[in-house]
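Participant: Encoded as structure tokens, here's the structure I'll be asking about.
The values are calculated or read from the model by the stated rules, or taken from the named source; none is laboratory data. As the structure is a computational prediction, the values presented were derived from the model and not from experiment. Please note: Cβ atoms are built from the backbone with ideal geometry, for glycine as well, and neighbour counts cover all protein chains shown.
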Amino acid sequence: MKKIIYSKFGGAEVLQIAEVPIPAVQATTILIKVKAVSINPLDWKIRNGEMKIMSGSKFPKGIGIDFSGIVEETGTAATKYNKGDEVFGILDVFKGEALSEYLTVEEKDIAIRPRNISFEQAAAMPVVGSAALQIFKTLVSLKKGAEILINGASGGIGMFATQIAKMSGAIVTTVVGDSGIPAGKDWGADFVVNYRNEDVLKGNKQYDVVIDLSGKMPFTKAKQIMKHSSAYIHTAPGPKEIITSFFINLFSSKKYKLLMLKPSPEYLAELTGYAEDGIAIVVSKVYPFNSFKKAYTEVPDGKFIGKAVITMDGVV
Ligand SMILES: NC(=O)c1ccc[n+]([C@@H]2O[C@H](COP(=O)([O-])OP(=O)(O)OC[C@H]3O[C@@H](n4cnc5c(N)ncnc54)[C@H](OP(=O)(O)O)[C@@H]3O)[C@@H](O)[C@H]2O)c1
């Protein structure tokens, strides 16, 4: 089967197609024929070597964390799914190798694809949807009427975080670029700020929660627009942020919280419910498998609304 791998850290140019054996099914695992794989900033951060501490430096590595596909074979002790089931799922964040014709997973890593969404939408959901859920379940608890600012809201996590925050009754302000304004409104934000012509840090409004998804609004800046008891969410933490947040949280009522995604079957189940209820899952760009280098070159340059995915169409 074909699989995308890389044997050294670097840009999209290190990615290559390899011919490898179809992974063997073990007693507790399930073989999936992959239909679509989503593209996440974590993919290129790991591939660039920015996250070596967590990913390790052993090669070759695969790429791709979340996916959708069809169950091809089940292990003797994996009884929850049957051949032919259409599923979506998520791999270990730092060992993702979903961009391949087949992969094996444990039962806990997948859920049945909601019938009302496509394979592309299903693949787009797990990482960013789970990240949004983890923020609201483990880092902050949104109360009705809470003021929340989501900076960088036109991408994947922003799409889910905006809609879930609105369902919790929060008052949501999203910060997006020019192309993100219609999506910000469609996803239900109460206020949409274009970062190209307005600096939200210079406004008078104070927030209960600030989530930075862009990597451009550090806590040191965000704290000027945070209420006395409030929380800031950093979504790309490294060792420096872990130490800094520890000391800030000792002394400040403005808490500095870090997202470290831990996939869970509960998040997949909850995302299934949201999808069935019609949450918007925008996939604005779909690349065929053989365009993987183009995909990983274009997507980091941004300006995509929601998510971009790679399908297994065109594997030759
Ligand atoms: N810690 C974890 O466990 C974990 C898990 C998942 C994701 N993450 C991280 O979370 C972050 C967000 O993920 P994502 O999937 O939502 O990424 P994404 O889809 O790339 O979205 C990021 C958004 O930031 C916007 N942006 C860029 N510059 C901006 C600025 N100056 N002001 C405001 N917005 C700006 C971009 O909009 P434009 O393109 O229009 O500029 C884009 O929509 C990434 O850093 C990712 O690595 C962390």
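Participant: In region 180-190, how many residues are assigned to a loop (DSSP other than H, G, I, E, B) and free of Cβ contacts under 8 Å to residues at least 60 places away in the same chain?
Facilitator: Qualifying residue count for the region: 3.
Participant: Just to be sure, is residue 105 under 23 Å from residue 33 (Cβ atoms) and over 15 Å from the mean Cα position of the chain (by Cα)?
Facilitator: The answer is yes for residue 105.
Participant: From the residues in region 110-137 that are of a type in the set (D, E, K, R) and more than 16 Å from the ligand (Cβ to nearest atom), which one is surrounded by the fewest Cβ atoms within 10 Å (Cβ to Cβ)?
Facilitator: Only one residue tops the list, namely 115.
Participant: Let me ask something additional. May I ask you to verify whether residue 231 is touching an Asp or Glu at 6+ places or on another chain (Cβ under 7 Å) and either modelled with pLDDT of 95 or more or not in a helix (DSSP H, G or I) (or both)?
Facilitator: For residue 231, the condition - touching an Asp or Glu at 6+ places or on another chain (Cβ under 7 Å) and either modelled with pLDDT of 95 or more or not in a helix (DSSP H, G or I) (or both) - is not met.
Participant: Please work out which one of (1) within 12 Å of the ligand (Cβ to nearest atom); (2) at positive phi is the condition residue 145 fails and give its number.
Facilitator: So residue 145 meets the others, but not (1).
Participant: Would you please name the residue that is nearest to residue 51 (Cα to Cα), looking only at residues in region 261-278 that are part of a loop (DSSP other than H, G, I, E, B) and touching a residue at least 24 places away in the same chain (Cβ under 8 Å)?
Facilitator: 261
Participant: Something else: Could you list, in sequence order, the residues of region 169-187 that are closer than 20 Å to residue 215 by Cβ, surrounded by fewer than 24 Cβ atoms within 10 Å (Cβ to Cβ) and not hydrophobic (A, V, I, L, M, F, W, C)?
Facilitator: Result: 177, 178, 179.
Participant: In addition: Consider region 42-55. How many of its residues are modelled with pLDDT of 95 or more and away from the ligand (no atom under 14 Å from the Cβ)?
Facilitator: Here the count works out to 1.
Participant: Another question, if that's okay. So residue 291 fits all but one of (1) under 19 Å from residue 186 (Cα atoms); (2) of a type in the set (Gly, Ala, Ser); (3) in the same structural domain as residue 65 (by TED's automatic domain parsing); what number is the exception?
Facilitator: Tallying (1) under 19 Å from residue 186 (Cα atoms); (2) of a type in the set (Gly, Ala, Ser); (3) in the same structural domain as residue 65 (by TED's automatic domain parsing), residue 291 fails exactly one: (1).
Quick grid of which residues meet (1) part of a strand (DSSP E or B); (2) assigned by TED's automatic domain parsing to the domain that holds residue 302; (3) touching a strand residue (DSSP E or B) at 6+ places or on another chain (Cβ under 7 Å); (4) within 15 Å of the ligand (Cβ to nearest atom):
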{"residue": "192", "(1), (2), (3), (4)": "yes, no, yes, yes"}
{"residue": "201", "(1), (2), (3), (4)": "no, no, no, yes"}
{"residue": "204", "(1), (2), (3), (4)": "no, no, no, no"}
{"residue": "217", "(1), (2), (3), (4)": "no, no, yes, yes"}
{"residue": "220", "(1), (2), (3), (4)": "no, no, no, no"}
{"residue": "243", "(1), (2), (3), (4)": "no, no, no, no"}
{"residue": "247", "(1), (2), (3), (4)": "no, no, no, no"}
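Participant: Something else: Could you tell me whether any residue of region 211-220 is without any contact (Cβ under 8 Å) to a residue 40 or more places away in the chain, over 23 Å from the mean Cα position of the chain (by Cα) and surrounded by fewer than 20 Cβ atoms within 10 Å (Cβ to Cβ)?
Facilitator: Yes - at least one qualifying residue is present in region 211-220.
Participant: Next question, about the same structure. Taking interchain pairs and intrachain pairs at least six residues apart, which have beta carbon atoms under 6 angstrom, with the first residue in region 166-179 and under 15 Å from residue 200 (Cα atoms) and the second acidic (Asp, Glu)?
Facilitator: Listed by first residue and then by second, the contacts come to 172/190.
Participant: If you check residue 272 against the conditions, is it in contact with a Pro (Cβ under 7 Å, 6 or more places away or on another chain) and of a type in the set (S, T, N, Q)?
Facilitator: In short, yes.
Participant: What are the residues in region 287-316 that are within 16 Å of the ligand (Cβ to nearest atom) and under 17 Å from residue 126 (Cα atoms), if any?
Facilitator: Answer for region 287-316, where residues must be within 16 Å of the ligand (Cβ to nearest atom) and under 17 Å from residue 126 (Cα atoms): 305, 306, 307, 308, 309, 310.
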